[in-house]
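Working notes for the structure below.
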Amino acid sequence: MKLRYSIALTLPLASASAMAADLALKLDVPQLNVAEYHRPYIAAWLENGDQQVVANLAVLYDTKKKDNAGTKWLKDMRTWWRKSGRELSMPMDGVSGATKAPGELTLNIPKGALDKLPAGQYTVFVEAAREAGGREVVKVPLQWPPKSAQNVTGQGKEELGAVVVQVKP
């Protein structure tokens, strides 16, 4: 039996063309009914058409472990780790934070985080991994800057449910 909860990431962004836009990333993170449930580590990032990481949007991990030992398990988010995670030093201001239990959550990305983002085709990636659990990546294509409000969705199967990227000019 799966219980589903929703996590929302709200990202106020502006493009290089001086067009202000809002980006909201809503995740359906299930509470799995298993004997040993651990909170998922979650990474969200943005890649350009050349599959290069242009921004790390969020990294949620166990920040309460002594001597920053929670970073040891970041490599379990293998796609994110290989793309950019191993080059980063945690914690990262405005990007990293404590993992949360399934439920409603809003993360605010600092203003100006993507203000130099040129117009083009991008992909939002969301990866979730749990200790004694699975790992899953959901990709959602995105055209930036938006000409009109749009909702673009992706669908996970186990560790993530629906991933909705809402963009408003």
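Restrict the check to the stretch 148-168 and report whether at least one residue is at pLDDT 85 or above and of a type in the set (Ser, Thr, Tyr).
Within the stretch 148-168 (the criterion being at pLDDT 85 or above and of a type in the set (Ser, Thr, Tyr)), the answer is yes, since at least one residue qualifies.
Every residue in the stretch 55-90 that is over 27 Å from TRP144 (Cβ atoms), in a helix (DSSP H, G or I) and acidic (Asp, Glu), please.
ASP67, ASP76, listed by residue number.
Could you give every pair whose Cβ atoms fall below 8 Å, whose first residue belongs to the stretch 120-140 and is under 16 Å from GLU158 (Cβ atoms), and whose second residue is open to solvent by less than 10 Å² (accessible area, probe 1.4 Å) and hydroxyl-bearing (Ser, Thr, Tyr), counting only separations of at least 6 or pairs across chains?
none
If you scan the stretch 100-115, which residues turn out to be modelled with pLDDT of 80 or more and either surrounded by fewer than 19 Cβ atoms within 10 Å (Cβ to Cβ) or within 24 Å of LYS168 (Cα to Cα) (or both)?
Residue satisfying the conditions is LYS100 alone.
Out of curiosity, is ALA162 open to solvent by 50 Å² or more (accessible area, probe 1.4 Å) and in contact (Cβ under 8 Å) with a residue 40 or more places away in the chain?
no
Pull up the stretch 28-75, narrow it to residues that are of a type in the set (D, E, K, R) and under 18 Å from GLN121 (Cβ atoms), then point me to the one that is farthest from the chain's Cα centre (by Cα).
Across the stretch 28-75, the extreme among qualifying residues is ASP50.
Residues in the stretch 33-54 that are within 26 Å of LEU117 (Cβ to Cβ) and either open to solvent by 60 Å² or more (accessible area, probe 1.4 Å) or not in a loop (DSSP other than H, G, I, E, B) (or both): how many?
13
The values are calculated or read from the model by the stated rules, or taken from the named source; none is laboratory data. Owing to the predicted nature of the structure, the values given are computational and were not obtained by experimental measurement. Virtual Cβ from ideal backbone geometry, glycine too; neighbours counted across all protein chains shown. With ligands, DNA and RNA removed, areas are computed over all heavy atoms of the protein, side chains included. Shrake-Rupley method; radii C 1.70, N 1.55, O 1.52, S 1.80 Å.
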